[in-house]
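Student: After the structure tokens below, expect a handful of questions from me.
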């Protein structure tokens, strides 16, 4: 991807690539994977910015796992994104600042973005039992866009 000097060679979690034919694979982006957004998602922001600047697809994919045990908590996994009306700083990375090409959460309690966001980027809540989900649709669209060039 040509970003080693800017962000290091081990920052990307999962490379996204497609079959360009004749035995060639082309990288078109990379997913930043986090079980919990407490896993220092802010550390991924510089890599994501650099990727998007060079035209790569740079989504954030999370399980958004965050719950609190008794006696103060109830063990419900509410995640860390907040809501569009009461956003966490982590949601703002996407909706306000556009630091990632969308956020895809597999936590059914994550509240998706409203239709319009300041950055044009969105938080999507995935239902992994229904495929293709929004993440898959967006990856497919990115590949089709590149093949059309």
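Student: Fully extended, how many nm does the chain gain between residue 137 and residue 22 (0.36 nm per residue separation, minus their Cα-Cα distance)?
Tutor: 38.9 nm
Student: Let me ask something additional. Just report the Cα centroid separation between the range 101-149 and the range 1-59, whole Å.
Tutor: Answer, in whole Å: 16.
Student: Okay, next question. Mind telling me which of 126, 63, 76 comes out most flexible in a GNM of the chain, alpha-carbon contacts under 10 Å?
Tutor: 76
Student: Over the range 43-149, what is the relative contact order in percent, taking alpha-carbon pairs closer than 8 angstrom and at least six residues apart?
Tutor: Value for the range 43-149: 22 percent.
Student: Turning to a different aspect of this structure: Pick from 87, 70, 46: which residue has the top mean-square fluctuation in a GNM of the chain where Cα pairs under 10 Å get a spring?
Tutor: Comparing 87, 70, 46 in a Gaussian network model of the chain, the most mobile one is 70.
Student: Now for a different question. Roughly what would the spin-label model give for residue 54 and residue 116, points 7 Å off Cα along C-beta, in nm?
Tutor: 3.5 nm
Student: Which residue, 139, 14, 45, has the most motion in a Gaussian network model of the chain that connects Cα atoms within less than 10 Å?
Tutor: Comparing 139, 14, 45 in the GNM, the peak value goes to 14.
Student: Helix-only estimate, please: 222 nm mean residue ellipticity of the chain, summing -39500 (n - 2.57) across DSSP H runs of length 4 or more and dividing by its residues, to the nearest 500.
Tutor: So the calculated ellipticity at 222 nm is -6500 deg cm²/dmol.
Student: Ok, one more. Can you match Cα extents along the principal axes in Å to one of these, [x] 55, 34, 26; [y] 60, 31, 28; [z] 59, 36, 28, based on a calculation from the structure here?
Tutor: Derived directly from the coordinates: [z].
Since every read-out is calculated from the coordinates, none of them should be taken as a lab result. In this text the structure is predicted, and so the values were computed from the model without any measurement. Counting neighbours? That spans all protein chains shown, and the Cβs are built from the backbone with ideal geometry, glycine included.
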